[in-house]
Amino acid sequence: MTTPSAAPAALYGNPGPGEPYDGATSPSVLNRPLYGASFGQSISRFFKNYATFSGRASRSEYWMLTLFMVIVSVVFGVLIGIVTATAGVTEDGTAELPGSAIALIVVLSLFGLATLVPSIALQWRRLHDVNLAGPFFFLSLIPSVGSLIVLILSLLPPKPEGRRFDK
């Protein structure tokens with residue numbers, strides 16, 4: 001019986017560091033997944049691979065970046081909530097949205113727009129690391145269950161066969 005780590009070199013390329021998955025030897029190598037990436041390394045690699053849909057991304061790269069995005073969203077959400085909660089009420093009884101809350105909403109929206117393409121590219125590369133084609137990302141557009149399916153696929157371990165997606 002052949003194990004996945006014994007994939008023929010002719011088919012998937014020569015094995016390298018991080019065997020059997022052929023990962024990056026250092027954080028500066030952007031064309032290979034960095035297994036065991038730290039929080040800072042994940043964020044750096046995310047912005048350096050801004051719109052790169054080829055190659056692979058490790059679970060640590062993906063989940064550390066997801067943590068970063070959640071932290072940014074929560075911080076902005078709390079700030080918007082605090083600013084809105086301390087806002088005054090007009091004489092007719094309606095709440096007034098202060099300019100600082102609007103500014104925070106605009107900044108959060110711009111951050112979301114600026115990270116939309118690289119987030120899709122990171123998910124695409126994560127799917128490559130589990131040896132799935134990037135267009136599986138579009139499953140997330142299925143109402144109710146699509147995002148859950150893509151989430152489960154993102155949890156899968158890397159597969160050596162995913163090297164076929166490398167540049």
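Any read-out appearing in this document is the output of simple, stated calculations on the displayed coordinates, not a laboratory observation. Just so it is clear, the model here is predicted, and its values are computed rather than measured. Here Cβ is always computed from backbone atoms with ideal geometry, including for glycine, and neighbour counts include all displayed protein chains.
How high is the FRET efficiency between D166 and F68 when r is their beta carbon distance and R₀ equals 41 Å, given to the nearest 0.05?
On the way: r = 25 Å, r/R0 = 0.60.
Efficiency at R0 = 41 Å is approximately 0.95.
Across bins of 5 angstrom width beginning at 0, how are the C-alpha pair distances of the stretch 81-165 distributed, in whole percent?
Using 5 Å bins, I get a P(r) of 3, 13, 15, 13, 11, 9, 9, 9, 7, 5, 3, 2, 1, 0 for the stretch 81-165.
I need E61, E91, E96 ordered by Cβ neighbour count within 10 Å, fewest first.
On the way: E61 27, E91 5, E96 11.
Lowest count first: E91, E96, E61.
What residue among S28, S144, S119 has the largest mean-square fluctuation in a Gaussian network model of the chain, using Cα springs under 10 Å?
S144
Kirkwood Rh over Cα pairs of the chain into Stokes-Einstein at 10 °C, 1.306 mPa s: D in µm²/s?
89 µm²/s
Using the alpha-carbon centroid of each, what span in Å lies between the stretch 85-112 and the stretch 114-143?
33 Å
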